[in-house]
């Protein structure tokens, strides 16, 4: 293909873009631009090369030399002038020859390690047969959390400690192990539990040698790495680390499917001295991931690496992708979707400012004026700054000679055309990029790349159904004459991520606050002044709105009750003076969608006032609902006078309360309060309710916070037992044996 790329090169040291002045030109300004002497941005046409032809296809990086060439070329998209004479403050000492060693890259097995022993959990009389686990988006696709449980034990990581609690039966529950892990990170908050295996993730630092600029002696340098510890906890009092994998980059997110943990790490690109991420085991390098890039014109800022590990064996595989900074993830049982917000190349707006003037404004001017401007534009003997001075002089003379009414009509027509142009340009540049990668145990295969206009709210804005991928986005566009324009849309993509259907212009001037895909329906909440709750049909590739409900407030999270009922958690609101909206207490609503054309609120409860907070508003793992028992639990903290709790008996100086509100939910009767569970005592002060979780084992409701694990009867919330987790005043055991090496 013969695509040409326009590359801006900065000629001056201090840049005030001429094109930027064009963008904001005021047609009524005085003729004083002739006194301005500006540095110039020169747009140089650069033909496409073997690396960037504009196909958007994925391409494998075959060598370190090729990686450098790709980055050298993509660096031009950022507007940063670059050549080999420039130096960073340090240089990493690496062996480039082994970075693309095929023996390391092609293997997915670590041959030097014997298979780790596995054990099968079996139920005993002292274990519960019925229990709940982490609240996840996709069934059988586990999500990492700081707390995991089975039918008997609770495992928790906090700061740099691992705690194991014998939690069932509840009346004899006790802390059986609390040990400090000898790791660099002090805030371990992500792990998986599978049978008697834990996979604990934490961010650490690599230890490398560098030669600082203009020095001769290597020094130690540290960069971020992610550790994945596989821990055998079959002996609860003596856990053993079986493997310690590490990979360059910061931990982003993870999922577990069957016996495989999949996790994404993100590492910045060093354009001067690039190197690929590498995978280590116990400080020994075992592989370099296959590396890929995308043939499209955008800034490459990161290596995003997807790694699969078999937690009961030795298999490991990894692939890394050179692209933008990864954002939200969606994972089904077969595919991993990585997304990020597209970054327009540096100089895009400068270039479009010039284009918008010559392509939009000039055609609307009188013909004779157009001809005179084009003569100046074609004069290669003067630079762009001098050309603009001449053009602006012509414009001023022409405007001064016009009738006032004609001039106003011309200006209005130009504003409308520029508005349309700006909307078009921004819609094309502000997209969510979606990468689809198939996963099957240790097999990782890139499938397709797609894009949709707008930005995602979170992981619940995406869903896979059969061979279709559905996405809900909000688009925000700023125009010079209308300000910010918002709209929302739903897109349907096929298995190759080609767009096959869309529903646009949903709730103009609103933003998506929550979304939940359930089979052939999407439940969508937008908000600006009121809370429109939409029921959207996805039974075909052409989405359509079936029904809409407008009520005060908004929902931040939607949770399925059944096919015809959805629970929403958010805030109540009220309108105040000047059309403003004031947020009030936490609102839990039960939406009835039996009549899809007329959804309604079956029941709702309001907790506290605007001082009230809940982690469930932004973290779905803190929300608990079990349909079989009808129990709903939500963490709450707020001013005690605004809450209906038994904590009002506390001392007058105690002004905040932290704990859980528990309800019985029935689709016919709505919400029935079962009471509250306090996680703050009369001697404590307010610390909030982060890391709030609820689960059950048999007929016991367990609630966890940073301070306590409490056990209450699901029937009447009578307290059975309580274990203090933090600030106990007791010794923490440190082990120097093979337990945690």
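At a glance:
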item: Boolean, residue 553 is surrounded by 22 or more Cβ atoms within 10 Å (Cβ to Cβ) and free of Cβ contacts under 8 Å to residues at least 40 places away in the same chain; result: yes
item: Criterion (in contact (Cβ under 8 Å) with a residue 40 or more places away in the chain, surrounded by fewer than 20 Cβ atoms within 10 Å (Cβ to Cβ) and in contact with a strand residue (DSSP E or B) (Cβ under 9 Å, 6 or more places away or on another chain)) met by exactly one of 470, 430; result: 430
item: Odd one out for residue 667, checked against (1) out of contact with any helix residue (DSSP H, G or I) (no Cβ under 9 Å at 6 or more places or on another chain); (2) surrounded by fewer than 15 Cβ atoms within 10 Å (Cβ to Cβ); (3) modelled with pLDDT under 95; result: (2)
item: Test: residue 416 is surrounded by fewer than 17 Cβ atoms within 10 Å (Cβ to Cβ) and touching a strand residue (DSSP E or B) at 6+ places or on another chain (Cβ under 6 Å); result: no
item: Filter result (under 30 Å from residue 545 (Cβ atoms), outside any loop (DSSP other than H, G, I, E, B) and touching a helix residue (DSSP H, G or I) at 6+ places or on another chain (Cβ under 8 Å)) within the range 599-639; result: 616, 620, 634
item: Strands (runs of 3 or more DSSP E) wholly inside the range 370-468 that include at least 1 residues being over 30 Å from residue 539 (Cα atoms); result: 443-453
item: Single condition residue 483 does not satisfy, out of (1) in contact (Cβ under 8 Å) with a residue 12 or more places away in the chain; (2) farther than 16 Å from residue 591 by Cβ; result: (1)
item: The range 272-285, residues that are crowded, with 20+ Cβ neighbours inside 10 Å and part of a strand (DSSP E or B); result: 279
item: Answer from 576, 586, 606, 593 - the residue that is in contact with a strand residue (DSSP E or B) (Cβ under 9 Å, 6 or more places away or on another chain) and under 20 Å from residue 522 (Cα atoms); result: 593
item: Residue list for the range 556-588, filter: in a helix (DSSP H, G or I) and either free of Cβ contacts under 8 Å to residues at least 40 places away in the same chain or closer than 28 Å to residue 660 by Cβ (or both); result: 577, 578
item: Odd one out for residue 328 among (1) modelled with pLDDT of 95 or more; (2) within 23 Å of the chain's Cα centre (by Cα); result: (1)
item: Residue that is at positive phi and outside the structural domain of residue 629 (by TED's automatic domain parsing), where the choices are 547, 579, 519; result: 519
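Rundown of residues vs (1) part of a loop (DSSP other than H, G, I, E, B); (2) closer than 20 Å to residue 614 by Cα, yes/no style:
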| site | (1), (2) |
| --- | --- |
| 529 | yes, no |
| 535 | no, no |
| 539 | yes, no |
| 542 | yes, no |
| 590 | no, yes |
| 597 | yes, no |
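The values are calculated or read from the model by the stated rules, or taken from the named source; none is laboratory data. On a predicted model such as this, the values are computed, not experimentally measured, just so you know. Ideal geometry is used to build each Cβ from the backbone, glycine not excepted, and the neighbour counts take in all protein chains shown.
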